[in-house]
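Down below is the structure, laid out as structure tokens.
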Amino acid sequence: MPTSISAMPTYVLPLLLVIVFINFVGIGALIPILPYTVIDQLGYSEIVMTSLLASFSLAMFIGNPILGRLSDRLGRKSVLMASLAVGAVANYSFAFTDDIMVMFAARILAGLAAGNIGVIQAMIADGSSVENRAKYMGFMGAVIGLGFVFGPALGGVLSGLGGGPLHQAPFAIAGTVTVIAFLLSAKLPAGTRAPVQPQAKGTSQSVASVYRLLAGPLGLFALAFFLLNLSFAQVEASFVLVLKDMLDFSANQTGWLFTYVGVVIVIVQGGLIGPAVRRFGEMRIIIGGIALLASGQFLTSAFTQGYLLVVPVIVLYLAATTIICAGFAFTNPTLTSASSKVAKSGEMGGSLGLVQGFGSLGQVIGLSAAGPLYSVGGGGLSFGAGAVICLILLGTAFAIAGVMRRVAPAAAE
């Protein structure tokens, strides 16, 4: 049987959250400096920049269900530690190169390692009650927000330190903090593993045992995560480009604005989401969060095309950013919590890894499209496309609400 968090020493959940924080410091450090190191220093286009982002997400898409399923069979701790070791190597490799092919290879390796997010979610879900799961996923989301506070700020403030490429110092530090996460993970209790029924021999059957889940209610959640990340990828890719081109921000200034983004996420997921779910229910929060995300993207699309400019651009940008981040912060962990309620206990790692993997696939396609969209129509086209995708996501959320009324009535309230 899995070792539940409630039966473990009290330090386990905080330790998992620290590991998540360190993970996302390394991921977030790249965001504010990528346009400056790839476009300005190395001379490549926006399409190459967004492709570098997409390569990470593609690898994460591949790694999420694989690591999740391996953690079901081999134990969460061993898979988590191995992924952190790989992530440290990838960050150091990225730090000390200005060769674009090596940069791509390092980000692919880092993306595979970052598939451990599904493993950590499964560890939290293993040991939390149904009633507390949204709260714990909210804590995890808040810690991810903290990672995005310190990661981009670290990347922006330390960019160019030491005379090397802009990304050298931030990623050397990211590699070091990933090593610290690896050492901390060694303190987790062993044997955190879901009970898995014996399978017939053959890899194909094992793969099918994960993807057959798409035929059930989990398929709608996979679609929702795909659309959510397909939409939000436009924000990830175009946010820094709009800051650079429209507001003439430097890498350092961009890093500080990302600090504000992280603070918004922390406030929502660390303080507001728990009471909101208790008051309104998971599905209402998911639907409301999607509506906020769509509204913020429509607002950004409008002012980047020259509308609403009776208000200073920086004020509009801060308002739109706040709405977008609040919408995503309400939606993502609550959707994860709801999806965990339709997953079988013995397949929790594989199930959460699967839906997160589809989220990563949405990022891959979204980031791959963001470069050409931005090149053709600037932020107006890329953010407008994200908003339209949110409207499709809203329809999917209503379909999920209908399914949840049948399979998990309490979550649908």
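The values are calculated or read from the model by the stated rules, or taken from the named source; none is laboratory data. Just so we're clear, the structure is a prediction, and the values are computed from it rather than from any experiment. Using ideal geometry, Cβ is built from the backbone for each residue, glycine included, and neighbour counts are taken over all protein chains shown.
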ILE314 vs. criteria of a type in the set (Val, Ile, Thr), part of a helix (DSSP H, G or I) and surrounded by fewer than 21 Cβ atoms within 10 Å (Cβ to Cβ): yes
Restricting attention to segment 242-260, which residues are assigned to a helix (DSSP H, G or I) and either of a type in the set (D, E, K, R) or in contact with a Phe, Trp or Tyr (Cβ under 6 Å, 6 or more places away or on another chain) (or both)? LEU243, LYS244, ASP245, ALA251
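Going by the structure shown, is GLY346 at pLDDT below 85 and under 16 Å from the mean Cα position of the chain (by Cα)? Working first, answer last.
Numbers: at pLDDT below 85: yes; under 16 Å from the mean Cα position of the chain (by Cα): no.
Criteria not met by GLY346.
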Cβ-Cβ below 8 Å, separation at least six or inter-chain, first residue in segment 47-61 and touching a residue at least 60 places away in the same chain (Cβ under 8 Å) and in a helix (DSSP H, G or I), second acidic (Asp, Glu) and surrounded by fewer than 24 Cβ atoms within 10 Å (Cβ to Cβ): which pairs? LEU53/GLU236
Restricting segment 280-309 to residues that are among the hydroxyl-bearing types (Ser, Thr, Tyr) and either at pLDDT 95 or above or surrounded by 18 or more Cβ atoms within 10 Å (Cβ to Cβ) (or both), which is farthest from ILE324 (Cα to Cα)? THR304
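Rundown of residues vs (1) among the hydrophobic types (A, V, I, L, M, F, W, C); (2) more than 22 Å from ILE117 (Cα to Cα); (3) in contact with an Asp or Glu (Cβ under 6 Å, 6 or more places away or on another chain), yes/no style:
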| position | (1), (2), (3) |
| --- | --- |
| VAL264 | yes, no, no |
| GLN269 | no, no, no |
| GLN305 | no, yes, no |
| VAL315 | yes, yes, no |
For segment 78-88, give me each residue that is under 16 Å from ILE22 (Cβ atoms) and either in contact (Cβ under 8 Å) with a residue 40 or more places away in the chain or touching an Asp or Glu at 6+ places or on another chain (Cβ under 6 Å) (or both). LEU80, MET81, LEU84, ALA85, GLY87, ALA88
For segment 289-309, what are the residues that are in a helix (DSSP H, G or I) and out of contact with any Gly (no Cβ under 8 Å at 6 or more places or on another chain)? LEU299, PHE303
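Mind checking whether some residue in segment 111-131 is within 30 Å of PHE96 (Cβ to Cβ), more than 18 Å from the chain's Cα centre (by Cα) and modelled with pLDDT of 70 or more? Don't jump to the end; show me each part of the working.
Kept after step one, since they are within 30 Å of PHE96 (Cβ to Cβ), are these residues of segment 111-131: 111-120.
Among the residues that remain, those that are also more than 18 Å from the chain's Cα centre (by Cα) are: none.
No, segment 111-131 has no match at all.
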Output for Cβ contacts, cut-off 7 Å, separation at least six or different chains, first residue over 13 Å from GLY28 (Cβ atoms) in segment 259-274, second at pLDDT 80 or above and surrounded by fewer than 23 Cβ atoms within 10 Å (Cβ to Cβ), reads VAL264/THR322; VAL264/ALA326; VAL268/ALA326
Odd one out for PRO65 among (1) assigned to a helix (DSSP H, G or I); (2) modelled with pLDDT under 85; (3) surrounded by fewer than 24 Cβ atoms within 10 Å (Cβ to Cβ); (4) not basic (Lys, Arg): (3)
